[in-house]
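Visitor: Just passing along the structure, written as structure tokens.
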Amino acid sequence: MLQRKINIVVKKDFIQPSSDWAGTSGDHKSTVFVFDIQEEGLINSSYTYKLQLNDVYALVDLDEDKLRFEIPQAVLFETDILQVQLTISDGEQQVYVSDILDFSVSPNLCVDSVEMKYDGLLDESIVNFNNSLKEFEKLCNNFPYIDENTLTWCVFDGETNQYKDTGISAVVTGDSLAKGAVRPEHLSFIGIVPEYFLVFPVCRKETGGVNQLGQIDSTISGYYTYVIEGSNYKADDIIHTEFCSEAVFLNSGGITRQTLTYGNADVKTTSAYTFVYIVVKSVLDSMAKAWYENYKRTDNYEITDSKIKKAIKDCVS
């Protein structure tokens, strides 16, 4: 189908289209809006981008710094003015709401009008397409892997957002490698994406150090103690730290202390302890960091080659 394109520049306090004419009702050409977002603060893959076209809404996916949306002819049918507004949201919070843009629509010159309905058109077509594309990308970003214990293939289930064991053996015969022979990170166009979970400043912070009884003692000057407990405690995992001086593990049976190098050190947590204290010197507190890496122990992967990414997008488009 022939297309006309309207470029729309979007800045924090400015939105300007290249034309204020959206087309003709019943036209053989379709109209495509291209929103060129020129503010870094408005570009975020986690944001939700929504268009309102008169009384109809559509969700639009961000492609680098642009939003592309083709207006269905049904939306232009029997209307003189098409009002368009762009909203950018971060969860429930609105990050940006544009001015309302008015586009003129020329009347249909056909003698016999054809009734066209657009109720639910955007919801059922555009939204469903975007959801399907997201599911496709989700499966592409979560490649199968081999369980190191069972040596069977595990695949990602898009409905539950979890990996499941297929029971299919990855062990091969002959001279070929078995365990881990075809893990995705061995492919040049695949990159592993570790997940990080912040510890500071989520946990509770106390003044002082930890005494020999495992108690936080405010009289031990020059130190802060971060207490990891409850929902902030991830057992049987690894915490990476920077500029921290000591880790103290505590349960009813006693305490265990671990000296940390100020530059970089790992803390191995365990379900045998109910509390973990991480102690830092007051003078280093502004630089101190602690985070969980890859908690849940499921590796995520993404396609790193831009040509392969483009080929996938072209394929689904």
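Bear in mind these aren't lab numbers, they're just calculated from the coordinates by the rules spelled out. Since the structure is predicted, the reported quantities are computational estimates derived from the model, not experimental observations. A quick note on method: Cβ atoms are made from the backbone with ideal geometry, for glycine too, and the neighbour counts reach across all protein chains shown.
Visitor: Give me the number: length gained by fully extending residue 272 to residue 39, i.e. 0.36 nm times residue separation minus the C-alpha to C-alpha distance, one decimal in nm.
Guide: Length gained between residue 272 and residue 39: 79.0 nm.
Visitor: Under a Cβ-Cβ cut-off of 11 Å, what is the net charge of the residues other than residue 201 that fall near it, where Lys and Arg count +1 and Asp and Glu count -1?
Guide: Net of charged neighbours comes to +2.
Visitor: Here's something else I'd like to know. For residue 207 and residue 16, calculate 0.36 nm times their separation in residues minus their Cα-Cα distance, and state this gained length in nm to one decimal.
Guide: Gain on stretching residue 207 to residue 16: 63.4 nm.
Visitor: Taking a ≥ b ≥ c as the square roots of the eigenvalues of the Cα gyration tensor of region 197-248, is the shape rounded (a/c under 1.5), prolate (a/b larger than b/c) or oblate?
Guide: prolate
Visitor: Quick one: which of 11/310; 11/307; 5/66; 50/310; 164/309; 50/307 span more than 18 angstrom between C-alpha atoms?
Guide: Correct reply: 11/310; 11/307; 50/310; 164/309; 50/307.
Visitor: Counting other Cβ atoms within 10 Å, which GluC sites (Glu not before Pro) in region 3-70 have at most 11 and lie in a DSSP loop?
Guide: 64
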